[in-house]
1. Over the chain, what is the relative contact order in whole percent, taking alpha-carbon pairs under 8 Å and six or more residues apart?
2. Mind sorting R175, R106 by how few other Cβ atoms lie within 10 Å of their own Cβ, fewest first?
3. If you average the alpha carbon positions of segment 1-59 and of segment 91-144, how far apart do those two centres end up, in angstrom?
4. Over segment 20-86, what is the relative contact order in whole percent, taking alpha-carbon pairs under 8 Å and six or more residues apart?
5. Over segment 1-147, how many pairs of lysines fall under 25 Å by alpha carbon, counting only those 8 or more apart in sequence or from different chains?
6. For K99, K178, K94, what's the fewest-to-most ordering of other Cβ within 10 Å of each Cβ?
7. For F102, F75, F40, what's the fewest-to-most ordering of other Cβ within 10 Å of each Cβ?
8. Within the chain, which whole H helices from DSSP have a Cα span along their axis of at least 30 Å and a mean Kyte-Doolittle hydropathy of -0.5 or more, if any?
Amino acid sequence: MNLQVENVRVYYVNGSRKIENFCWAFILLWGALGFSTVGFSSYLRKDLIPFLSAEQILFIPQGLVMCFYGIAGFFISLYLWSTIWWNVGSGYNKFDKRKGVFSLFRWGFPGKNRRILIQFLIEDIQSIRMEVQEGFLSRRVLYMRMKSQQNIPLSRIEEYSTLEEMESKAAELARFSKLSLEGM
């Protein structure tokens, strides 16, 4: 959902609350629990889960390594669940022609710098730049190119599903801000 008024455009950016992240967090959590349970079962020499037999696994070194993998997987899963909970990376891009200001806002991790707000003068922006790389690991990213030759990303790598969608968004943004469009 985007807000479009005569002199202001606000483009919302999705953060880490995506289906892929939920799936990876669940897979990591269940895998970590499985590894930890098998490692602990090998220590106790008793099957804690009936369909996961630990009779053939010695605690040292296999069971200990499985416990280590389980603990490591749990902490990675905890990190992923935390980024989902705080919705890290979400925010908005706001173009305000009345004030002549472009604002980039993103949510970060909790702490002193959780709210990330960067503002630029629109007159310091040189162009809107598209970067398209097709292939197995395709990437489609929309950048704002500053007059100091610095590129500031406006979108995530996986945000645009088609090239036409990206081109129309870039053209609309360039038309609104009266900037040139690069990379087409």
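FYI, it's all coordinate maths here, none of it is from the lab. None of these values were measured; they are calculated from a predicted model. Please note: Cβ atoms are built from the backbone with ideal geometry, for glycine as well, and neighbour counts cover all protein chains shown.
1. Answer for the chain is 17 percent.
2. By the 10 Å Cβ count, ascending, the order reads R175, R106.
3. Cα centroid of segment 1-59 versus Cα centroid of segment 91-144: 30 Å apart.
4. For segment 20-86, the relative contact order is 44 percent.
5. Count of close lysine pairs: 5.
6. Fewest to most other Cβ atoms nearby, the residues stand as K178, K99, K94.
7. So the residues, fewest neighbours to most, are F75, F40, F102.
8. 19-44, 64-86
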